[in-house]
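Below is one structure, written out as structure tokens; the observations come after it.
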Amino acid sequence: MGALSTNEVRSNPARGRSELHLVALSGVPMVREGDDLCELILAAISHSGEQLCNGDILVLAQKIVSKARARSVDLRTITPSARAHELAEIVEKDARLIELVLRESTEVLRVRKDVIIVAHRLGFVMANAGIDFSNVDGDANACHALLLPEDPDAECTQIRHELMQKTGIDIGIVMNDSHGRAWRNGTVGVAIGTSGVQALADMRGKPDLFGRAFRVTQVGIADEIAAAASLLMGQSDEGLPVVLIRGLQTGDGRAADLIRPQEIDLFR
């Protein structure tokens with residue numbers, strides 16, 4: 001599992017000790033179309049010497065869900081539109097890829113060399129509609145692109161229920177992906193799907209340490225979970241797409257709760 005396979009996060013000692021345990025599960029094979037993700041996850045838990053407990057959270061890399069659900073597209077089957085050719089000249093990317101981006105999006109927001117920012121049909125504002133070539137298959141010359149799952153929240157719910165049926169244990173599921181952020185460099189893990197995990201915590205009206213009520217604060221709990229898991233998953237050849245988290249008490253919600261409505265989106 002590697003040197004970073006476990007980690008503890010402690011709160012302010014003056015307020016009592018609090019621990020969060022994270023383990024990147026080993027033994028997950030290269031996922032293929034049609035694979036049973038629940039069986040792969042359970043095998044990885046056993047391989048890692050772990051056991052599921054009620055209240056645990058499993059964070060799954062988006063790629064393994066997309067692969068298992070046959071979300072890979074051969075670019076050789078794509079015929080670019082005139083709009084795709086036009087944008088491809090600006091972005092300097094394959095017009096077939098741009099065509100896929102357009103099909104997965106509802107709006108093109110920003111375009112420049114190497115970057116196309118869109119509103120994905122799922123509501124996410126992101127680069128390239130989340131379409132990726134990295135870690136898709138072993139052929140460096142292949143023309144396959146991987147799309148986001150059709151409905152990440154629904155996928156998390158399905159996987160959660162299947163695992164609960166097989167084990168009798170109530171857990172939460174978060175699906176994470178790497179996103180860029182407005183005004184900051186670097187990508188971070190964010191939640192694009194959840195089930196059995198509170199995605200957004202509304203702190204408005206609750207007191208701070210000095211008794212003053214929060215007025216606008218909301219906490220993206222699922223994004224924080226996703227980012228923490230990304231530290232163990234890595235971004236390249238680590239091959240650790242499933243992270244087990246223990247010790248975090250949350251409620252329930254959907255990753256869709258994290259999407260800011262367009263009418264109050266100040267960044268567009």
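Of the residues in the stretch 89-109, how many are touching a helix residue (DSSP H, G or I) at 6+ places or on another chain (Cβ under 9 Å) and in a helix (DSSP H, G or I)?
11
If we scan the stretch 63-78, do we find a residue that is free of Cβ contacts under 8 Å to residues at least 12 places away in the same chain and either crowded, with 21+ Cβ neighbours inside 10 Å or of a type in the set (D, E, K, R) (or both)?
The answer is no; no qualifying residue exists.
Can you tell me which residue among I45, I98, I116 is surrounded by 20 or more Cβ atoms within 10 Å (Cβ to Cβ), under 30 Å from R246 (Cα atoms) and not basic (K, R)?
After ruling out the rest, the residue left standing is I45.
Could you check the stretch 174-194 and list, in sequence order, the residues that are within 15 Å of the chain's Cα centre (by Cα), surrounded by fewer than 24 Cβ atoms within 10 Å (Cβ to Cβ) and either farther than 30 Å from V115 by Cβ or of a type in the set (A, V, I, L, M) (or both)?
V188
Looking at the stretch 245-265 only, could you name the residues that are over 22 Å from A154 (Cβ atoms) and not charged (D, E, K, R)?
G247, L248, Q249, Q262, I264
Tell me, please, whether a residue that is surrounded by 22 or more Cβ atoms within 10 Å (Cβ to Cβ), modelled with pLDDT of 95 or more and under 13 Å from the mean Cα position of the chain (by Cα) can be found in the stretch 156-164.
Yes, because at least one residue in the stretch 156-164 is surrounded by 22 or more Cβ atoms within 10 Å (Cβ to Cβ), modelled with pLDDT of 95 or more and under 13 Å from the mean Cα position of the chain (by Cα).
Check whether at least one residue in the stretch 65-88 is modelled with pLDDT of 95 or more, assigned to a strand (DSSP E or B) and either among the hydrophobic types (A, V, I, L, M, F, W, C) or touching a Lys or Arg at 6+ places or on another chain (Cβ under 7 Å) (or both), and report yes or no.
The answer is no, given that none of the residues of the stretch 65-88 is modelled with pLDDT of 95 or more, assigned to a strand (DSSP E or B) and either among the hydrophobic types (A, V, I, L, M, F, W, C) or touching a Lys or Arg at 6+ places or on another chain (Cβ under 7 Å) (or both).
The values are calculated or read from the model by the stated rules, or taken from the named source; none is laboratory data. Keep in mind that this is a model prediction, so the values were computed, not measured. Every residue, glycine as well, gets a Cβ built from its backbone with ideal geometry; the counts of neighbours run over all protein chains shown.
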